[in-house]
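K.L.:
Shown below is the structure under consideration.
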Amino acid sequence: MTAVLPVTAIATADYRKRNAKRLKLVLLGVLALLFAVALDVSIGPGNLPLGDVLRTLVEPQAASPRLSVIVWDLRLPIALMALAVGAMLGLSGAGMQTILANPLADPFTLGVSAAATVGASVAIVFGWSVVPGAGPFIVTANAFVFALTASLVLFFMTKLRGVSAETMILVGIALLFTCNALTALLQYRSNEVQLTQIVFWTLGSLARATWGKVGVAAVLIALALPFFLMRGWALTALRLGDERAESLGVRVDRLRLEILIATSLLAAVSVSFVGGIGFIGLVGPHIARLLVGEDQRFFLPVATIASAVLLSLASSVSKAITPGVIYPIGIITALIGVPFFFSLVMSIRNRGA
């Protein structure tokens, strides 16, 4: 007994030390978020000095009308949309990877983004709306409904044969190829103007950002992150395997359904707002996993923050490559994500060898 107590005390001290380190990483991530937003706002035509941007953000009434309009009306909604979409994709990817026990799962690889593209393409080519009275938001509404439908199809088809991670992955891949084929068919059917619009949508663009969309995304994140964190312990137990989680009292099927619906909603909203942006939901969670491990109490917020910072930095890069030109954000995230994707596949292969 006397030998056990010191060992227990040491283990408790190590546990608290690890948690303190993880908490510091979360706080550093928040600071990185603020810096990324300021940098994103400062880059663009005119190259605003970072100091002027910060002063305009803190004291807008002291700034010149021109600077205030550029910062608050033109660039800040786009910068905040980059953060919001990155956060939604990161949290969605983290949730999918956890419930599917697959490091390659995210809204992009499971076909949710591709389904949104089909919905947007239907609106562009035929002018059909699946939401009555959508008006000027017909493309966004169609993209949202198709993405959400794909997520529900993903779940209910797997439910027919029992919920398993492998089945969900296979159905997701089938959805991805089916939606890509439908998009190609619609592109073949479209005229030159419609084809340009579809291609522009598939590449992703933050230029569609508005303060209203930023507000919707912020509310969704504010609701979703606590929802995920409240299930942090159950999700951590799920990483040990279904049987171990069930032995600890976790209702695995119900947990998977709850998280899948939440992740689908996050992915559908983000894709309907800005188009298809790949790899953020894949790369962000892996960075978080490397930093804080599988403890979902820290993994989920760090994955959210890391993804938001990544997309914000990608937004800055898209404007900095060629002065006066803003490249589609999906191209930049793909250039960042593809090398990471290959390194991830190779690391999995090496561990299995």
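The values are calculated or read from the model by the stated rules, or taken from the named source; none is laboratory data. Worth saying up front: this structure is predicted, and the values here are computed from it rather than measured. Using ideal geometry, Cβ is built from the backbone for each residue, glycine included, and neighbour counts are taken over all protein chains shown. We work out accessible area using only protein heavy atoms, side chains counted, and drop any ligands, DNA or RNA first. Shrake-Rupley method; radii C 1.70, N 1.55, O 1.52, S 1.80 Å.
K.L.:
Suppose the filter is at pLDDT 85 or above and open to solvent by less than 10 Å² (accessible area, probe 1.4 Å); does Ala115 pass it?
P.N.:
Here the answer is yes, as Ala115 does meet what is asked.
K.L.:
Can you tell me which residues in the stretch 205-219 are touching a residue at least 12 places away in the same chain (Cβ under 8 Å) and either touching a strand residue (DSSP E or B) at 6+ places or on another chain (Cβ under 6 Å) or not hydroxyl-bearing (Ser, Thr, Tyr) (or both)?
P.N.:
Passing the criteria: Leu206, Ala207, Arg208, Ala209, Trp211, Lys213, Val214, Val216, Ala217, Ala218.
K.L.:
State yes or no: is Ser164 at pLDDT 85 or above and either under 18 Å from Pro107 (Cβ atoms) or among the polar types (S, T, N, Q) (or both)?
P.N.:
Values: at pLDDT 85 or above: no; either under 18 Å from Pro107 (Cβ atoms) or among the polar types (S, T, N, Q) (or both): yes.
Criteria not met by Ser164.
K.L.:
How many residues does the stretch 119-130 contain that are open to solvent by 50 Å² or more (accessible area, probe 1.4 Å) and in a loop (DSSP other than H, G, I, E, B)?
P.N.:
Qualifying residue count, the stretch 119-130: 3.
K.L.:
Can you pull out the residues in the stretch 176-189 that are under 21 Å from the mean Cα position of the chain (by Cα) and open to solvent by less than 30 Å² (accessible area, probe 1.4 Å)?
P.N.:
Scanning the stretch 176-189 gives a single hit, Cys179.
K.L.:
Find all pairs meeting these conditions: Cβ atoms under 9 angstrom apart; at least six residues apart or on different chains; first residue within the stretch 170-187 and under 10 Å from Leu110 (Cβ atoms) and among the hydrophobic types (A, V, I, L, M, F, W, C); second residue open to solvent by 30 Å² or more (accessible area, probe 1.4 Å) and outside any helix (DSSP H, G or I).
P.N.:
From the stretch 170-187, the pairs are Ile173/Thr109; Leu176/Phe108; Leu176/Thr109.
K.L.:
Moving on to the next point. Within the stretch 254-286, which residues are farther than 30 Å from Val199 by Cα and out of contact with any Lys or Arg (no Cβ under 9 Å at 6 or more places or on another chain)?
P.N.:
Those that are farther than 30 Å from Val199 by Cα and out of contact with any Lys or Arg (no Cβ under 9 Å at 6 or more places or on another chain): Arg254, Arg256.
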